[in-house]
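**Q** Could you have a look at this structure, given as C-alpha cells, before my questions?
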Amino acid sequence: MNTLVQREAAEIRKEWMGCALTTRPADRPAAEAAISGLYRLIGYAPPRFHWVSSPLMALETVPPGIGPAESIERLADWPVTRALISLMQTLCMGLNGRLTWAQRPLDQLIGRLVRAPLARSVDSALTEALLQRRESRYDPADRWYVAQSPSWIAHYDGLRRAVGVVFTPEQTHQLDLWAAAVRSCGWWWPREDVCVVSERPVALHTEPGDDIGEVRLHRADGPAIRYTDGWDAHAWHGRRVPAWVITDPSVERIAREPNVEIRRCAIERLGWPAYIDQAGLHLVATAPDPGNPGSHLRLYDMRAETKVLIAVNGSVERDGRRRQYGLTVPGFLRDPVDAAAWTYGLSAEQYSQLLRRT
C-alpha cells in the first residue's frame, strides 16, 4: 500500500510542481472565475480585475489609488484577505477531520513527499526571488502568501487521489476553487472592489535541489527568473545573487562584496582555478586527501587570518563530474589535512580514518 501511495504521490508532486513553476501565460478567464468564486464564499461580490505583468509591478500598484495607510504593508489587515485566510484555515481543519485513524500515517507520508518539497521549491523559485527586490515590503511567512501556495492544495489533492480520503461536496468545491486559482495565474492581491493579479514569469530556470523532489533557482549565464516587464532575478544553485555574480564576476568585485555567501557564489561562478590565478593566492601546501582517495587538498593564503582549502567533492555531480570547491579555514592552519579535518570538527588522525568523504 505504501509503495503504491509513494508512486502516486510522486506523480502528484510532479504535476503540481509543473503547475506552480510554469511559464505559460495566465488563463485569465479561469483565474477570474476561480477568484470570483472565492469572493462569493466570503460574502463579497466578484471584484474588478487589474492584471499586471509581474509581482513587482503588483506591489507598486496594489491596490490602485489607495493611500499609504492602507498600503501593501497592511496586507494582513485587508478585510478580504482576512476573510479568505479564515476560509482556507477552516477548510483545512474540515479536510483534516475527514481522515480516519488508519489514514493518518499516509497523511504524514503525503506531507513529506508532496507538501514539503513543493513548499520549499516554490519558496526558492518564486517567493524568495521577489523578496530580493522588495525586502521589507514582502514577508514570506505572511499567511496570505501561504494561502496561495500550491503546497497545501496539493497535499489535500494527494489525500483524495492517492489515499482515498473522501471530502464533502462543499469541501471539494472550495478546494477546487483554490486549486483553479493556483493553476491559472500568479500571485494575487484582493480588495473589496478590485483584485490585482500577476502574470507568470516568461522564463524560469531551476535545477534539482538537495532533497528528493525539490528544485531551486539556478542559471549560470543569465537571469534565473524573468517577467515580460523586464523584472528578473539571478540565482546560483538556489542562492539569489546580484547580476554581476553571473554576468561579470571579477576578483575586484568579489573583494568588495561584504556578504560571504555572495562572495562564495561569485568565486564558484568564476571558477576556483581562475580565482586563485587572478587573485594571486599563495600556495601554502598540498597533500593527498585521505578522505577522498585519488584527489588532493591544496591550502592557500587568502587574506589576513584566513586561508582557503581547495578540495574535490567526494561524490559525483549529476553531470558526472566531481566539483572543486573552497572552504575558508583559520589562518593558523598550515597543513591541508589538518585544515580538512578542522572543517569536520575532527583531528587530522580521525579525518584520515574516514572511509570516504561526501
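**Q** Which far-off residues, 5 or more places away or on another chain, put their amide H under 5 Å from the one on L297, with H placed in the peptide plane?
**A** A287, D289
**Q** Kindly rank 227-240, 284-297 from highest to lowest mean number of other beta carbons found within 10 Å of each residue.
**A** Details: 227-240: 19.8, 284-297: 16.4.
Per-residue mean Cβ counts within 10 Å order the peptides as 227-240, 284-297.
**Q** Can you compute the helix-only [θ] at 222 nm over the chain? Use -39500 (n - 2.57) per DSSP H run of at least 4 residues, normalise by all residues, nearest 500 deg cm²/dmol. Intermediate results must be reported in sequence, preceding the final value.
**A** Working: 16 runs with 154 residues, N = 358.
For the chain, the value works out to -12500 deg cm²/dmol.
**Q** Right, here's the next one. Work out how much length A285 to Y344 would gain on full extension: take 0.36 nm times their residue separation and subtract the Cα-Cα distance, in nm to one decimal.
**A** Numbers: separation 59, 0.36 × 59 = 21.24 nm, distance 1.93 nm.
Taking 0.36 nm per residue and subtracting the Cα distance, the gain is 19.3 nm.
**Q** What share of the DSSP beta bridges in the chain is antiparallel, in percent to the nearest 5? Could the numbers behind the result be given before it?
**A** Details: 31 of 36 bridges.
Percent antiparallel among DSSP bridges in the chain is about 85.
**Q** Something else about it: Over the chain, give the accessible area per residue in Å² for a 1.4 Å probe, as an integer. All intermediate terms of the calculation are to be shown ahead of the outcome.
**A** Working: 17010 Å² over 358 residues.
Value for the chain: 48 Å² per residue.
**Q** Kindly rank 154-160, 269-275 from highest to lowest mean number of other beta carbons found within 10 Å of each residue.
**A** Details: 154-160: 23.4, 269-275: 17.0.
Final packing ranking: 154-160, 269-275.
**Q** With a 1.4 Å probe and every protein chain kept in, tell me what percent of the accessible surface of the chain is carbon plus sulfur. Present the calculation step by step, with values, prior to reporting the outcome.
**A** On the way: 8740 of 17010 Å².
Using a 1.4 Å probe with all protein chains present, the chain comes out at 51 percent carbon and sulfur.
**Q** Another question, if that's okay. So which residue, out of G18, G186, G213, gets the largest mean-square fluctuation from a GNM of the chain using Cα contacts under 10 Å as springs?
**A** G18
**Q** Mind listing the long-range amide H neighbours of R216? Cut-off is under 5 Å, sequence gap 5 or more, other chains count too, H placed in the peptide plane at 1.01 Å from N.
**A** Correct list: E207, G209.
**Q** List every residue whose amide H lies under 5 Å from the amide H of R239, counting only residues 5 or more places away in sequence or on a different chain, with H placed 1.01 Å from N in the peptide plane.
**A** Result for R239 returns nothing.
**Q** Please give the net charge around H50, taking every other residue with its beta carbon less than 14 angstrom from that of H50, where Lys and Arg add +1 and Asp and Glu add -1.
**A** Working: positive: R28, R48, R191; negative: E32, E60, E192, D193, E199.
Residues close to H50 contribute a combined charge of -2.
**Q** Count the net charge of all other residues whose Cβ sits under 13 Å from the Cβ of L281, scoring Lys and Arg as +1 and Asp and Glu as -1.
**A** Numbers: positive: R298, R303, K307; negative: D277, D301.
Every neighbour counted, the sum reads +1.
**Q** Obtain the nm distance between the two label points defined at T90 and E60 by a simple spin-label model: each point lies 7 Å from its Cα along the Cα-to-C-beta direction.
**A** Result for the modelled spin labels: 3.8 nm.
**Q** If packing is taken as the average count of other Cβ atoms within 10 Å, what order do 162-169, 8-15, 197-204 fall into, highest mean first?
**A** 197-204, 8-15, 162-169
**Q** Shifting gears a bit: Filter the chain for me: DSSP H helices, axial length by Cα at least 24 angstrom, mean Kyte-Doolittle hydropathy not below -0.5. List them by residue number.
**A** Details: long enough: 2-20 (26 Å, -0.53); 79-96 (26 Å, 0.91).
Length and hydropathy pass: 79-96.
The values are calculated or read from the model by the stated rules, or taken from the named source; none is laboratory data. What you see is a predicted model; the values in this text were computed from it and never measured. Reconstructed Cβ throughout: ideal geometry from the backbone, glycine too, with neighbour counts over all protein chains shown. Ligands, DNA and RNA are stripped out before the accessible areas are found, and what is left, the full protein with its side chains, is counted by its heavy atoms. Shrake-Rupley method; radii C 1.70, N 1.55, O 1.52, S 1.80 Å.
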